[in-house]
Amino acid sequence: MSSVDELKAEIKKLSAKATNMKMNLHDLSEELPINWGTILTVAQETYEAYSALEAARQKLKELETA
């Protein structure tokens, strides 16, 4: 399997994780003010998931154009 294929598989996993974190953040917002103390934690985890996804997508773009 090529590194491009491996990266595409990783992007798929990262995308699923980011979508899951987005839903967790959405669910938390609907339940407010219950669990308001977890806002920063959930938001940070969501940010990190999307940041990793964006970095992987950028790396794939660079590999495909090289």
Output for the stretch 39-60, where each listed residue is hydroxyl-bearing (Ser, Thr, Tyr) and farther than 11 Å from LYS22 by Cα: THR41, SER51
Which listed residue, of GLU64, GLU30, GLU48, is at pLDDT 95 or above, in a helix (DSSP H, G or I) and surrounded by fewer than 13 Cβ atoms within 10 Å (Cβ to Cβ): GLU30
Check on LYS59, of a type in the set (Lys, Arg), surrounded by 13 or more Cβ atoms within 10 Å (Cβ to Cβ), part of a helix (DSSP H, G or I) and out of contact with any strand residue (DSSP E or B) (no Cβ under 7 Å at 6 or more places or on another chain): yes
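The values are calculated or read from the model by the stated rules, or taken from the named source; none is laboratory data. These numbers come from a predicted model, not from an experiment. As a convention, Cβ positions derive from the backbone with ideal geometry for all residues, glycine included, and neighbour counts pool all protein chains shown.
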